[in-house]
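Nothing in this text is a laboratory measurement; each read-out follows from the coordinates by a stated rule. Because the structure is a prediction, the values reported are computed rather than measured. Positions of Cβ are generated from backbone atoms using ideal geometry, with glycine treated the same way; all protein chains shown enter the neighbour counts.
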Amino acid sequence: MNLIGLSREELTREIGALGEKPFRAKQLWHWMYHQGETDFDKMTSLGKPLREKLKQTHVVARPTVLRELTSSDTTRKWLLQFSDGGAVESVFIPEEDRGAVCVSTQIGCPNGCVFCHTGTQKLTRNLTAGEIVSQFMVARDVYGEWPSPAGEQRLLSNVVVMGMGEPLLNYDSLKTALKILTDNEGIGVSKRRVTVSTSGIVPKIPQLARDFGCIKLAVSLHAPTDEVRDKIMPVNKKYPLKELMAACREFQEIAGTRQYITMEYVMLDGVNDSDADARALIRLVDGLMVKFNLIPFNEWNGCPLKCSSGKRIARFSEILERSRHAAPVRASRGQDIMAACGQLKSSVKAEGL
C-alpha cells in the first residue's frame, strides 16, 4: 500500500493497525512530506522493528516519469505514469525567483471544451489524493527541494490545479491532497499560493471557500454569454453563467471581499473576441472583484479554432482595463515542448509508448 496521499487521520489509523502509537504517524509524516524520503531504512527515528514492518506491507512511491521535456524558456513538463498504467501531465512554470507547479486531477476530462486538447481524451478515472500530491513531489525531487524549504527560499512556491481534468469533479481527492500540500509540518505550501481552476462546477465553488478560506479561485470563463459558452463549453448547459456568477459571489463572501477571482479567457478569433464581447464581459462580472487573464489560444492539430490576432487581443484588453479590471495577456510559455495540456500525452501515445 502506498502511504502517499493518506490524510493525517488515515495515516494514524494505518500505523495503529501495525501496533504502533500515534506519535509514530507524526514521525512518518515528517519523513515523507518534510524530508521527501522514500526509503524506510533511512527513516531512522522510526526504530528498526517498525521500519521492517513497513517494508513488508507499505511503500512511499512516486509515479514513473515517462517523459520529461524542458523548454528554451525553462518551463519543464513531465508525463507521469501511475501503477495502473494511467498517465497525466504536470508542468513547472518558473518566474524570476520562484514558480508554480501545475498538477492534474483526472486522467482525461469529461467536460469536452472544444478548445482544450485534454477534452479529446475521454475521462478514464479520477486521480487519488496521493496521485495529485505526488506530482508536486516529483517536481521537488527534480529540483532538489528537500527538506521542505522555508518561505522565500522556495523555488517551487505555488501550486496551480489547472492541469488535466476538472478538479471540482474530483472534490474529495482534491480536498485531501490540498490539506497535505498545505500542511505546515510537511510540504508546507501556503494556502495563499494555491490556485484551483474550474470550468464552473457551481455547487463546489462555495464549498472550496468553506474548506480552505484564502485559497485562490480561477474560473475558465472564455465567453461572455450563454449562447457562445454553450457552443465551446458543454458544462455551461448544466451550470449557466447566471448560476456561475452567483457561486462566485458566494465564494467571495465566504473567503473575504479582498479575494479576487481570476477569470481565464482564451482568445478565439471571431468567436469571443469582439469589442461587444468585451463590454458584455464587463456587465457579466459587475459586482464581483475579478481580474482577467487573457490567453492567446495555443492552436493544435484537429481543432478548427484559431487564435485572435495580437492587435485584437490588445484592443480587448484595453476595453477591460478602461473599466478598471486588470486584463493582462498571458505570455506563452513552453510552446516548444507541446505547451497545450494533453499534447505531450497524445504525442507519446501516438509513438506507441
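The table for this structure:
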| read-out | value |
| --- | --- |
| Highest-MSF residue in the chain out of 127, 80, 66 [GNM, Cα springs under 10 Å] | 66 |
| Sum of -39500 (n - 2.57) over DSSP H runs of 4+, divided by residues of the chain (222 nm, nearest 500) | -10000 deg cm²/dmol |
| Point-charge dipole on Cβ atoms (K/R +1, D/E -1) for segment 33-83, about Cα centre, debye to 20 | 120 |
| In sequence order, calculated HN-Hα J values of segment 239-245 (Karplus, 6.51, -1.76, 1.60; Hz; x Gly/Pro) | 10, x, 4, 4, 5, 5, 5 |
| Kirkwood-based shape ratio for segment 8-57, expressed as Rg/Rh from alpha carbons | 0.91 |
| Residue 288 versus residue 21: modelled label distance in nm, points set 7 Å from Cα along the beta carbon direction | 5.2 |
| Where GluC sites (Glu not before Pro) fall in DSSP loop in segment 64-147, at most 12 other Cβ within 10 Å | 95, 96 |
| Net charge dipole size for the chain [Lys, Arg +1 and Asp, Glu -1 on Cβ; Debye, nearest 20] | 420 |
| Highest-MSF residue in the chain out of 47, 86, 99 [GNM, Cα springs under 10 Å] | 47 |
| Charge dipole of segment 8-57 about the Cα centre (unit charges at C-beta), most positive-ward option of 40, 50, 29 | 50 |
| Estimated vicinal HN-Hα couplings, Hz - segment 151-161 in sequence order (Karplus 6.51, -1.76, 1.60; Gly, Pro = x) | x, 6, 6, 6, 8, 8, 8, 10, 10, 10, 8 |
| Pair residue 97, residue 230: separation of 7 Å Cα→Cβ label points (nm) | 5.0 |
| Segment residue 10-residue 35, length gained on full extension (0.36 nm per residue, minus Cα span) | 7.0 nm |
| Calculated Rg and Dmax of segment 64-350 using C-alpha coordinates, Å | 18.1, 52 |
| Over 25 Å between alpha carbons, listed pairs 175/238; 48/191; 231/306; 53/179; 21/53 | 48/191; 53/179 |
| Contact order normalised by residue count of the chain, Cα under 8 Å, 6+ apart, percent | 15 |
| Loop-located trypsin sites (Lys or Arg not before Pro) in segment 114-163 whose Cβ has at most 13 other Cβ within 10 Å (DSSP) | 122 |
| Rounded to 5, percent antiparallel among DSSP beta bridges of the chain | 45 |
| Geometric extent, Cα atoms of segment 192-301 - Rg, Dmax (angstrom) | 13.7, 42 |
| In nm, spacing of pseudo-spin labels at residue 150 and residue 68 (7 Å Cα→C-beta vector) | 2.9 |
| From phi via Karplus (6.51, -1.76, 1.60), per-residue ³J(HN,Hα) for segment 138-145 in Hz, x at Gly/Pro | 4, 4, 4, 4, 5, 8, x, 9 |
